[in-house]
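The values are calculated or read from the model by the stated rules, or taken from the named source; none is laboratory data. A quick note: this is a predicted structure, and the numbers were derived from the prediction, not measured. Ideal geometry is used to build each Cβ from the backbone, glycine not excepted, and the neighbour counts take in all protein chains shown. Surface areas here come from the heavy atoms of the whole protein model, side chains and all, with no ligands, DNA or RNA. Shrake-Rupley method; radii C 1.70, N 1.55, O 1.52, S 1.80 Å.
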There are 2 protein chains.
Amino acid sequence: MELIKDGWFIETNPLWPGQGMCFEVEKVLYHEKSQFQDIVVFKSTNHGNVLVLDNILQLTEKDEFCYHEMMVHLPLNSHPAPKEILIVGGGDGGSVREVMKHPEVEHVTLCEIDEKVIEVSKKYFPNMTCSFDDPRLDIKIGDGLEFIKKNRNAYDVIITDSSDCIGPAKLLFEKEYYELMKSALKPNGIICSQGENVWLSEEIVVKMIDFCRDIFPAVSFAYCSVPSYTSGEQAFTLCSLNPHTDFKKPVRSWGAEETAKYGLKYYNSSVHQAAFALPEFFRRALQLPV
Amino acid sequence: MELIKDGWFIETNPLWPGQGMCFEVEKVLYHEKSQFQDIVVFKSTNHGNVLVLDNILQLTEKDEFCYHEMMVHLPLNSHPAPKEILIVGGGDGGSVREVMKHPEVEHVTLCEIDEKVIEVSKKYFPNMTCSFDDPRLDIKIGDGLEFIKKNRNAYDVIITDSSDCIGPAKLLFEKEYYELMKSALKPNGIICSQGENVWLSEEIVVKMIDFCRDIFPAVSFAYCSVPSYTSGEQAFTLCSLNPHTDFKKPVRSWGAEETAKYGLKYYNSSVHQAAFALPEFFRRALQLPV
């Protein structure tokens, strides 16, 4: 395995030339090429188990909560009654776990293209797959884009919890997919998608926000820290069919009581609001007000 | 030079075990052991020139603006009339450059322990040292702690722009130094210090915030993205002698006009406010309200 040298996993990639993150490896636990991608799980010395797809780090047990809490609670707390939820991707279970914390949720569909990711996560990431037995969950194995084509007017919130804009997830960053998501939403529905990274992928993000503005009446862009990702952060694209949705002001404000009850480690109502304050150069690139 | 292998600088350190950042090196421009520390400057392939002190990355030309804009504009825009400024450390010039953007500032003292850092920065980081000729600036070469002992009731704002809590900067993270800074402030004076990192140094930060609360009537803690730092972020400790200072609400609110005028790339009034929204686990550790 070339991506692990001298006991270290080094994540370099043409998507972020000239830089990379590295993590010390205690033991490689799993390595297999599935039908869709190369899957590696290793036990790190200081960050718990780590999942790598096609040589890109997807999560560490130590800080996966940052991404999954924000990915889920930003859109769900922006919707007045999130009952019917679709998660595209998310085979590691982290987003399902967070969605199930919302008492309003009645039914969740997880559409993951790669069954192997689910299998591997059940074995090596039990703290993430802990809601796979929830009776409100249906798991579909298949292509998210094809699945969404067959569903109209069906979901209050669609979460696209995908890998990066190369490989099996590439089509999930295209305009056609966003148009399909729009058709799959119920009235006043909301989407939240993996929005790449402010520092590494300005072009991809600007293009995505541009076509979102053609499709949806309310569009916003947020980000959070994920220390184990190159550049240390992750962004989210949020769109609503309701032109009055103000993503910065959640309809449910979670303070100390809720964050303790739901065992949250990253998200709270102040963090929710702050996630939309973009560094000045990026605010300008996206033509947003201060 | 062992810290550069196969054309890559790899920043591993006992302060953040099991992880590291790496940058591709085009050419090593400078390497010398000064009286105080090991100094390396290299030209990276994608992040401009990079300064490394005692094997720890201090800045890249590509994103140094994040740290320096926040380090300076958080405290200066929280003070009603910041006229007399002291910067301890900061020999690279980045903080001086940002301080000089404030028209209220009448006089700045830069106290840097290592003259070599100033020399090297003048040569390899001209976009950072561009305000060293400003007639409002006095440069003192010496120990910040000793310098501050001799100054009483002298500064409106003291900025401690130091390296990490090991090596020559270690004493700048101790209670005695904070007590000396208090004596060196004018009435209603404010300090802003390098506050380490939320993810890597929880213990150091909690201890520091605790003794700050013993010394100052108003204490706050902020952070920002610095993509080239391990974990991708940097925190700041802010204290005021005025119990009514609310750091989250700057007394001068810089919108699109000011950010354009001063050429800012990270800071604006929304980012200022958002910087104080801490991840939930950290808010709890510091016993702050949501």
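Along its principal axes, chain B has C-alpha extents of 54, 45, 40 angstrom, given from the largest down.
Need the C-alpha centroid separation for region B:32-67 versus region A:242-285, integer Å. Region B:32-67 and region A:242-285 have Cα centres spaced 34 Å from each other. With the simple spin-label model, which puts each label point 7 Å out from Cα in the Cβ direction, the residue B:260 to residue A:26 separation comes to 5.4 nm. Taking the label point 7 Å along Cα→Cβ, residue A:7 and its counterparts in the other copies are spaced 2.6 nm apart, in ascending order. Distance to the B-onto-A rotation axis is smallest for one chain B Cβ; residue and value in angstrom are B:232, 1.
Expressed as a whole percent, the accessible surface of chain B that belongs to carbon and sulfur atoms is 48, based on a 1.4 Å probe.
Could you size up the charge dipole of region A:197-251 around its Cα centre, putting +1 on the beta carbon of Lys and Arg and -1 on that of Asp and Glu, and report it in debye to the nearest 20? Provide the component values of the computation, followed by the final result.
On the way: 4 positive and 6 negative charges, 41 e Å.
Dipole size: approximately 200 debye.
Dividing the Cα radius of gyration by the Kirkwood radius, what Rg/Rh value follows for region B:45-192?
Numbers: Rg = 14.5 Å, Rh = 15.4 Å.
Ratio of gyration radius to Kirkwood radius for region B:45-192: 0.94.
What is the diffusion coefficient of the protein assembly as shown in µm²/s, taking the Kirkwood radius over Cα pairs and the Stokes-Einstein relation at 25 °C with a viscosity of 0.890 mPa s? Rounded, D is 99 µm²/s. Magnitude of the charge dipole for region B:145-290, about its Cα centre and with charges confined to Cβ atoms of Lys, Arg (+1) and Asp, Glu (-1), is about 400 debye.
The residue among A:91, A:126, A:103 whose Cα reaches farthest toward the positive pole of the charge dipole of region A:88-130, with charges on the beta-carbon of Lys, Arg, Asp and Glu, is A:126. Here's the picture: charge each Lys and Arg Cβ at +1 and each Asp and Glu Cβ at -1 in the protein assembly as shown, and of B:288, A:187, B:229 the one pushed furthest to the positive end of that dipole is A:187. Sites counted here are trypsin sites (Lys or Arg not before Pro) in a DSSP loop (not H, G, I, E or B) having no more than 12 other Cβ atoms within 10 Å; the longest part of chain A that contains none of them is A:1-149.
Set the Förster radius R0 to 30 Å, insert the Cβ-Cβ distance between residue A:35 and residue A:149 as r into 1/(1 + (r/R0)^6), and round the FRET efficiency to 0.05. Intermediate results must be reported in sequence, preceding the final value.
On the way: r = 21 Å, r/R0 = 0.69.
My answer for the efficiency is 0.90.
Counting only other chains, and only Cβ atoms inside 10 Å, what mean value do you get across the residues of B:271-283? Numbers along the way, then the final one.
Numbers: counts 7, 1, 4, 8, 2, 2, 9, 5, 13, 14, 6, 2, 6.
Partner-chain Cβ atoms within 10 Å, mean over residues of B:271-283: 6.
Measuring nothing but how far apart in sequence close Cα pairs (under 8 Å, 6+ apart) lie, relative to its length, chain B scores a relative contact order of 16 percent.
How many partner chain Cβ atoms sit within 10 Å of a residue's Cβ in peptide A:226-235, on average, as a whole number? Each step should come with its number before you reach the end.
Working: counts 2, 11, 4, 3, 4, 8, 12, 4, 0, 0.
Taking the mean over all residues of the peptide, I get 5.
Sorted from shortest to longest, the distances between the residue A:135 label points of this copy and the other copies are 8.1 nm, with each point 7 Å from Cα along the line through the beta carbon. Model label points for residue B:204 and residue B:179, set 7 angstrom from Cα along the Cα-to-Cβ axis, are 2.2 nm apart. What you get for region A:37-96, charging only the Cβ of Lys and Arg (+1) and of Asp and Glu (-1), is a dipole of about 120 debye around the Cα centre.
Provide the buried accessible surface between chains A and B in square angstrom, both chains summed, 1.4 Å probe, rounded to the nearest 100.
Values: alone 12520 and 12520 Å², together 21660 Å².
Approximately 3400 Å² gets buried when A meets B.
Distances between copies of residue B:257, taken at a point 7 Å out from Cα along the Cα→Cβ vector and listed shortest first: 4.3 nm.
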